[in-house]
1. Filter the stretch A:202-222 down to the residues that are in a loop (DSSP other than H, G, I, E, B) and touching a helix residue (DSSP H, G or I) at 6+ places or on another chain (Cβ under 7 Å), then identify the one that is farthest from A:Ala158 (Cα to Cα).
2. Restricting to the stretch A:65-120, count the residues that are over 21 Å from the mean Cα position of the chain (by Cα), surrounded by 14 or more Cβ atoms within 10 Å (Cβ to Cβ) and not in a loop (DSSP other than H, G, I, E, B).
3. Please count how many residues of the stretch B:87-104 are surrounded by fewer than 19 Cβ atoms within 10 Å (Cβ to Cβ), out of contact with any Lys or Arg (no Cβ under 6 Å at 6 or more places or on another chain) and either among the hydroxyl-bearing types (Ser, Thr, Tyr) or more than 7 Å from chain A (Cβ to nearest Cβ) (or both).
4. Which numbered condition in (1) within 17 Å of the chain's Cα centre (by Cα); (2) over 30 Å from A:Phe20 (Cα atoms); (3) assigned to a helix (DSSP H, G or I) is the only one that A:Leu152 fails?
5. Test A:Trp285 against the criterion of being among the aromatic types (Phe, Trp, Tyr) and more than 30 Å from A:Asp88 (Cα to Cα), and give yes or no.
6. Output the number of residues of the stretch A:233-289 satisfying the condition of being part of a helix (DSSP H, G or I), among the small types (Gly, Ala, Ser) and within 14 Å of chain B (Cβ to nearest Cβ).
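Read-outs: derived from the displayed coordinates by stated rules, not from any lab. No experiment lies behind these values; they were computed from the predicted model shown. Ideal geometry is used to build each Cβ from the backbone, glycine not excepted, and the neighbour counts take in all protein chains shown.
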Amino acid sequence: MNDLANFSNASAIKLKPGIFGHPAIDCDVHIAVPSTEALMPYLDAYWYDAFRSRGINRTSFTMTGDAPNAPMAARPDWRPKDARPGSDLALLQKGALDGFGSSIAIANCIFGGVALHSEDIAAALCKAVNDWVTEQWLNKEPRLRASILVPLNSVELAIEEIERRASDKRFVQVLMLAMGHDLLGKRQHWPIYEAAQRHKLPINIHAGSLYHHPPMAGWGSFAYEDYVAQAFSFENQVLSLVSEGVFQKFPDLKFVLSESGVTWLPACLWRFNKTWRGVRPEIPWVKRIPGDIVRENIRLTLQPFDAPDHSGAVERFVDQMKSDRMLLFSTDFPHWHFEGTDALPVAASSALTKRMLLDNPLETYPRLRETLDISEVAA
Amino acid sequence: MTTSASLARTRHVVAHANEIKPGERKLVEIAGRPIALFNLNGEFFAIGDKCPHEAGSLCKGKLGSFADSDEPGKYRLTHLGEVIKCPWHGWEFDIRTGQSYCDPQQVRVRSYETGVAHGGDLLKGPYKAETFKVTVEEDYVVINL
């Protein structure tokens, strides 16, 4: 059920212009496991029995920072009745795919099973979720692509899961969280990056925390603080990836930041660059100014975009980063960041629009081309 | 000395050779331009004294080596004793070339040709740039500005 047998080139997706006038690839939409019970058919005999006997099937693996009842978790018109936001395929087809005329949407399933201290249960859950994603979403909607969910506390088992999915080209990236157990630049994670680079899978760093450490310098009191502080954690991760030399070791690997807020990056890079000039000998493998490394290897999904719409902020970001290659169109369906189809903070006529909608996603996710009929967009 | 208009490729005597011992440096000035002069094991090198960042005096910086690496976690030193670090913000420059190591594509300080010439030669006046070669003789340190 995971192979590409039912997804030959004959059924490759053709790119068609969406509502913004260009073919669109939505690089961050959300799908949700409706309940752990839904994963039971995807467990092997041992885990099926264990989940039943230990009551794990009655456990909700909702991430603390992803409360389904929060207003932001789903736009009213994108919220299913009596079900978790993101759990309804028809609603995703109507809202995210048809609603924007997107040719492709990359689905991220944020699932708390990745956080378990038991490496084996975490791995069993990730495998079950990825099987469930394949059967319940990818096989039912040819425009969908997905991220590989991996257990975040076991490098070995994360790689096993990556290898298990790699032959299915509809899995286009590996999903990690902005706040895991340790900084993502650390060498302990590098075997994951080696596998990802080998299979042309970018690493998606998605907002979210395992709460193994406080999201800020201490534990805050409010969901408000937790949500805002996600952006700071992305800064930490980019700094860690650059300083530890991940991109010297894996020059072809891209990291995609999802739900990062985006606009903090240029100011943060000023500090990276300025400080590096003075203390470069500490990290002598970093031979280029950090801003250049970030420009080449970091990508960001567009929504939520922290600036007023149509204020020139996107253009300013592109100008400050000296790159129009970094932003990837996303609606962040079903999250509530905008009304109607107002997902683009720039005019549809802007030269940036096509780059964000199509060119940048295709350049970032090389596996997309393998399930696309791109003859029509060769130009 | 001469006026700045006639300075192009002019030789300037800036020191007596034995005045700056190996490992030492001297701040000299030519037509108002401060230049840091270094004796590196008997070879002389001259670079603009002002750091291109905020004009800290490179002559007052710490002379060290270049930390290099072939991959993360591997460290080695090269350019032993040939890298000057600005005392203000730590920007590093190769005193042989003026090349910056803190942003090689964008930052460098001007480096100047130096030579140690025999006293008599200096009376012959300016040398043409294309024929001037750094010669190591004795007596004087000469900067070709």
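1. To start, the set of residues in the stretch A:202-222 that are in a loop (DSSP other than H, G, I, E, B) comprises A:202, A:210-222.
Still in the list and also touching a helix residue (DSSP H, G or I) at 6+ places or on another chain (Cβ under 7 Å): A:202, A:210, A:215-216, A:220.
Details: A:Pro202: 14, A:Leu210: 16, A:Pro215: 24, A:Met216: 27, A:Gly220: 31 Å.
The selected residue is A:Gly220.
2. Residues that pass the stated criteria total 2.
3. Number satisfying all stated conditions: 4.
4. Answer for A:Leu152: the failing condition is (3).
5. For A:Trp285, the condition - among the aromatic types (Phe, Trp, Tyr) and more than 30 Å from A:Asp88 (Cα to Cα) - is met.
6. Going residue by residue through the stretch A:233-289, those that are part of a helix (DSSP H, G or I) are A:233-244, A:246-249, A:265-282.
Subsequent filtering for residues that are among the small types (Gly, Ala, Ser) retains A:233, A:240, A:243, A:267, A:278.
Those left that are additionally within 14 Å of chain B (Cβ to nearest Cβ): A:240, A:243, A:278.
The number of residues fulfilling the criteria is 3.
A quick yes/no check of all residues on (1) in a strand (DSSP E or B); (2) in contact (Cβ under 8 Å) with a residue 60 or more places away in the chain:
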site: B:His12; (1), (2): yes, yes
site: B:Glu29; (1), (2): yes, no
site: B:Ala36; (1), (2): yes, no
site: B:Ala46; (1), (2): yes, yes
site: B:Glu54; (1), (2): no, no
site: B:Gly64; (1), (2): yes, no
site: B:Gly73; (1), (2): no, no
site: B:Trp88; (1), (2): no, no
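For (1) over 22 Å from A:Leu15 (Cα atoms); (2) in a loop (DSSP other than H, G, I, E, B); (3) touching a Phe, Trp or Tyr at 6+ places or on another chain (Cβ under 8 Å); (4) of a type in the set (Val, Ile, Thr), each residue gets a yes or a no:
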| site | (1), (2), (3), (4) |
| --- | --- |
| A:Asp292 | yes, no, no, no |
| A:Ser330 | no, yes, no, no |
| A:Phe338 | yes, yes, no, no |
| A:Ala347 | no, yes, no, no |
| A:Leu357 | no, no, yes, no |
| A:Glu370 | no, no, no, no |
